[in-house]
Amino acid sequence: MKIEAILQETYNEVIGFENIGETASYIPELAGVDPDLFGVHISTLDGKSCGIGNYQEKFSIQSIAKTLSVTYAYQMLGDKIWEKVGVEPSGTAFNSLVQLEADYGKPRNPFLNAGAIVISDILISNLSNPKDDFLDFVRSIDDNNQIAYSRKIAQSEKEVGYRNIALCNFIKSFGLIDNEPSDVLDFYFTLCSIEMTCEELSRTFLYLSNNGISPKNNRELLTESQSKRVNALMQTCGFYDESGEFAFKVGLPGKSGVSGGIVAVHPDQYSIAVWSPRLNPKGNSYKGMKFLEAFTTKSRLSIF
């Protein structure tokens, strides 16, 4: 069966599931999103492109942007970034303060909020105009100037970001944040507000299916070794304390966001993005997880 047919069959199956879960209501701008929207898009390295449902509707990619920020930092500084952030799964909530105490302020991995805040600090220290430069980097991956930040979402996150403020200040107390916490947090909230469609997201992430090289413009974003390591981090840490279950059921490197988006990649083959705003108890898209489990089972296209 062709991949487009499998995509359609899986979508038809999953859209009939009871849509349980809640939107990320603790961020006011996300609470107002229609919880029953559901879109999927797949992009393959051999040029196929297929979308179903609300795949052309913009949504804030939230923590999915952490993969792009760590890519940019890794590209600039190489292995030096691992001096300030680790590469181990956490087993705790994405905004937990608990492990930071035991680990002397060094976040376990760059996909935890604490880790992404450290990566944000690194970028601020190495970019002349951090927000503009980062957005230009993201746009350049697929030559897409339509990608933009959402000021409303960034402001909404800033207004309720008390735990992230605590994380940043706590890390600063250990000397692992170089810049002013207010500047680091402003950049962090902004990068999480980037909006994309499922189609834009799947196309943007194709570089991680292609050994770090953008198929759009043949630009090397990461070396082959670096791309392998970012994929390994997504496989082990991309879904917070549900990462093991995602690996077990889906079998792909991926990254989720609390807006209900998920992107997953199959090295040498494809990138796929799913969006459904209702979240399961672990903070990942309920239907998104169900869809990807069914899709890789039907297509037999996982890495295991």
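The values are calculated or read from the model by the stated rules, or taken from the named source; none is laboratory data. Keep in mind it's a predicted model, so treat the numbers as computed, not measured. Cβ coordinates were reconstructed from backbone atoms using ideal geometry, including for glycine residues, and neighbour counts include every protein chain displayed.
Structure summary
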item	result
Residue tally, condition of a type in the set (Ser, Thr, Tyr) and in contact with a Phe, Trp or Tyr (Cβ under 8 Å, 6 or more places away or on another chain), over region 165-201	3
Boolean, Ile153 is surrounded by 19 or more Cβ atoms within 10 Å (Cβ to Cβ), more than 24 Å from Leu279 (Cβ to Cβ) and in contact with a Leu (Cβ under 8 Å, 6 or more places away or on another chain)	no
Members of region 40-56 that are on the phi < 0 side of the Ramachandran plot, of a type outside the set (Ser, Thr, Tyr) and surrounded by fewer than 17 Cβ atoms within 10 Å (Cβ to Cβ)	Leu45, Asp46, Lys48, Gln56
Every pair of residues 6+ apart whose Cβ atoms lie under 7 Å, when the first sits in region 1-30 and is at positive phi while the second is surrounded by 15 or more Cβ atoms within 10 Å (Cβ to Cβ) and assigned to a loop (DSSP other than H, G, I, E, B)	Gly21/Arg278; Gly21/Asn280
Residue check for Arg139: touching a helix residue (DSSP H, G or I) at 6+ places or on another chain (Cβ under 8 Å) and not aromatic (Phe, Trp, Tyr)	no
Residue in region 13-26 that is touching a strand residue (DSSP E or B) at 6+ places or on another chain (Cβ under 9 Å), more than 25 Å from Val138 (Cβ to Cβ) and not hydrophobic (A, V, I, L, M, F, W, C) present	yes
Hits in region 236-261 - residues which are free of Cβ contacts under 8 Å to residues at least 60 places away in the same chain and not in a loop (DSSP other than H, G, I, E, B)	Glu242, Glu245, Phe246, Ala247, Phe248, Lys249, Gly254
Residue ID - surrounded by the fewest Cβ atoms within 10 Å (Cβ to Cβ), chosen from residues in region 159-185 that are free of Cβ contacts under 8 Å to residues at least 40 places away in the same chain and in a loop (DSSP other than H, G, I, E, B)	Glu180
Answer residue from region 119-158, given it is among the hydroxyl-bearing types (Ser, Thr, Tyr) and assigned to a loop (DSSP other than H, G, I, E, B) and is farthest from the chain's Cα centre (by Cα) among those	Ser128
From Gly105, Gly47, residue being at pLDDT below 95, over 23 Å from Asn284 (Cβ atoms) and touching a Ser or Thr at 6+ places or on another chain (Cβ under 8 Å)	Gly105
Unique residue being in a loop (DSSP other than H, G, I, E, B) and touching a Phe, Trp or Tyr at 6+ places or on another chain (Cβ under 7 Å) when the list is Gly105, Gly91, Gly86	Gly105
Among residues of region 79-125, those that are without any contact (Cβ under 8 Å) to a residue 12 or more places away in the chain and either on the phi > 0 side of the Ramachandran plot or crowded, with 16+ Cβ neighbours inside 10 Å (or both), counted	1
Selection from region 194-211 of residues that are within 13 Å of Leu45 (Cβ to Cβ) and either in contact with a helix residue (DSSP H, G or I) (Cβ under 6 Å, 6 or more places away or on another chain) or outside any loop (DSSP other than H, G, I, E, B) (or both)	Ser202, Arg203, Phe205, Leu206, Tyr207, Leu208, Ser209, Asn211
Residue check, Ala102 closer than 15 Å to Lys66 by Cα and among the small types (Gly, Ala, Ser)	no
Residue among Pro281, Pro277 that is surrounded by 20 or more Cβ atoms within 10 Å (Cβ to Cβ) and either at pLDDT below 95 or not in a strand (DSSP E or B) (or both)	Pro277
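Residues checked against (1) of a type outside the set (Gly, Ala, Ser); (2) touching a Lys or Arg at 6+ places or on another chain (Cβ under 7 Å):
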residue	(1), (2)
Lys106	yes, yes
Pro110	yes, yes
Ala114	no, no
Ile117	yes, no
Arg139	yes, no
Ser150	no, no
Ile153	yes, no
Val160	yes, no
Arg163	yes, no
